[in-house]
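Notes to accompany the following structure.
The values are calculated or read from the model by the stated rules, or taken from the named source; none is laboratory data. This structure is a prediction, so every number in the text was calculated from the model and none was measured. Heads up, the Cβs are rebuilt from the backbone with ideal geometry, glycines too, and the neighbour counts pull from every protein chain shown. Areas reflect the complete protein model, heavy atoms only, side chains present, ligands, DNA and RNA absent. Shrake-Rupley method; radii C 1.70, N 1.55, O 1.52, S 1.80 Å.
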Amino acid sequence: MTDSRGQPSPGMGARAAAHEALGETLRRRRPLEPALDAAIAARALMERDAGFARAIANEAMRRFGQLEDIVRRFVPRAPPPHRAGPTLEILYAGACELLFLDVPAHAAVDGANRLAADDAKAVHFKPLINAALRRIAREGHALVNEQDGERLNTPDWMWTRWCETYGEENARAIARVHARNPPLDIVGRHPSDDLRKLAAEDLPGGVLRLGKAGNVTALPGFAEGAFWVQDFAATLPVRLFGDVRGRRVIDLCAAPGGKTAQLAFAGADVVSVDNSPDRVARLRENLFRLKLESNFVTVDIRDFAPKTPADCVLLDAPCTSTGTIRRHPELPWIRSAADIAMNVENAGALLDAAASMVAVSGTLVFAVCSLEPEEGAGQVVHFLCKHDEFERRPIAPSELFGLRELISEEGDLRTLPCHLAESGGMDGFYAARLKRVR
């Protein structure tokens, strides 16, 4: 994309990548991050433009409900997708630049017009795009101030469930955290002075929280294997085993590997099991960088039979991942309540398989990064009804740094994104500790 003098137009590669990724996500329900990675790689964007593309796409999904509401006010009848192509994505991205990224109006509107001009379908809606965004530039901020952003940015199915489970006050607190750009949590060896300069806060358990980290691979110590990225909440399930030094631990559904790294770093003899060759290869590469060791097994865990049962078995089961919306803002818009039932059935089978791997007097920790009760506490209730050889072992506040609010009434781990909100929040996790008594 060039200007009238034939020079590349500033930011246009980033805008094109962002609106392509938004189209993949909104139309094909594809996760945003791989869509962005592909769009950025296809255009060979430099780091600054890649950062701008990620900012547009992530913020557009983070504020999607508000943007949809704003665009609908100025374009009451949405153009038919089969004729309009990416027109709506261009409008959402342009409105996002204007209202939430503080891009100057002339640059945002001109960028949207150029995107439309370069698309065979959207070009026919260029006058609509131009007129709508110019009005949004003039009137949009006042409308944003009147919006109930917490409600708009949470789909109906999700809002209803969260209000019923956690109460409206907590549902609103969760939505407020989701609207913020999340910090980066890292775990590992003693951080360098250069890395410490980027630190926003030290969290319990040796977690270092960074404010604006940028490209993770460019951080001091990354190439040397000094740390790995792992949200504070995601570090907590492993702590439920206590001291794992010298103990054999089976980590099921192990990729991408944060918990395997955590276990290996703590001195455990780890067996990492996952059914995806690509994910296992990535996990192997990550541990090589970290100079940590594990035994890797590529198999469906329902078909995995260890030679001897283990003292500790960790199952971080596949789920809707609604606890990770801070970092994956597209999830509310590509998931539905129907996905929950499918994950519940699958996780139940995986939990039964995991139980068979636990030695007598051993511990099974079941975890999900979901806020949906059926995927967490509901699974454990069902499991204990079938497996009377297991008992729930409640968690003491001292095991979680005295953070009582992270423990449910049943004694399980239950983190919400709004916990530690003043520090940037945390992922939503559920975990239960189950002891095999015979």
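Quick rundown of the values:
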{"item": "Estimated FRET transfer efficiency (Glu139, Arg284; beta-carbon r; R0 45 Å; 0.05)", "result": "0.25"}
{"item": "Percent carbon-and-sulfur accessible area, the stretch 87-199, ignoring ligands, DNA and RNA, probe 1.4 Å", "result": "49 percent"}
{"item": "Label-point separation in nm, Ala38 to His124, each point 7 Å along Cα→Cβ", "result": "2.6 nm"}
{"item": "Solvent exposure ordering (accessible area, 1.4 Å, most first) of Ile407, Ile250", "result": "Ile407, Ile250"}
{"item": "Extended-chain gain in nm, criterion 0.36 nm per residue less alpha-carbon gap, Thr165 and Ser276", "result": "36.6 nm"}
{"item": "Listed candidates (1) 1.05; (2) 0.89; (3) 0.99 - label of the one calculated as Cα Rg over 2.2 N^0.38 Å", "result": "(1)"}
{"item": "Spread of Cα-to-Cα distances over 10 Å intervals beginning at zero, given as percent, for the stretch 287-438", "result": "10, 35, 36, 18, 1"}
{"item": "The stretch 206-300: Rg to Rh, with Rh as the Kirkwood radius over Cα pairs", "result": "0.96"}
{"item": "FRET efficiency, Lys435 to Trp157 (Cβ-Cβ, R0 30 Å, nearest 0.05)", "result": "0.25"}
{"item": "Accessible area per residue in Å² at 1.4 Å probe, computed on the stretch 325-373", "result": "30 Å²"}
{"item": "Whole-number accessible area per residue in Å² for the stretch 20-102, which is evaluated in the context of all protein chains at 1.4 Å", "result": "46 Å²"}
{"item": "Folded to 0 to 90 degrees: helix 64-74 orientation relative to the chain principal axis, Cα", "result": "20 degrees"}
{"item": "Between 0 and 90°, nearest 10: helix 377-386 axis offset from the chain longest Cα axis", "result": "30 degrees"}
{"item": "Accessible surface of the stretch 206-298 [probe 1.4 Å, protein heavy atoms]: carbon and sulfur percent", "result": "52 percent"}
{"item": "Most fluctuating residue given options Arg393, Arg54, Arg72, as computed from a GNM of the chain linking Cα atoms under 10 Å", "result": "Arg72"}
{"item": "Top of Leu36, Leu290, Leu219 by mean-square fluctuation, Gaussian network on the chain, Cα under 10 Å", "result": "Leu219"}
{"item": "Rounded to 10°, Cα long-axis angle of helix 337-355 versus longest principal axis of the chain", "result": "20 degrees"}
{"item": "Rg/Rg_globular for the stretch 265-313, with Rg_globular taken as 2.2 N^0.38 Å and Rg from C-alpha atoms", "result": "1.19"}
{"item": "Inter-label distance for His82 and Asp303, nm, one decimal - labels placed 7 Å from Cα along Cα-to-Cβ", "result": "4.2 nm"}
{"item": "Residues Arg73 and Ala396, FRET efficiency given R0 of 41 Å [Cβ-Cβ distance, rounded to 0.05]", "result": "0.20"}
{"item": "Using distinct alpha-carbon pairs, which all enter the 1/r mean, Kirkwood radius of the stretch 74-231 in Å", "result": "19.2 Å"}
{"item": "Relative contact order (percent, whole number), the chain, Cα cutoff 8 Å, 6+ residue spacing", "result": "13 percent"}
{"item": "Neighbour-limited loop hits for trypsin sites (Lys or Arg not before Pro), the stretch 143-218 (at most 16 other Cβ within 10 Å; DSSP other than H, G, I, E, B)", "result": "Arg180, Arg189, Lys197, Lys212"}
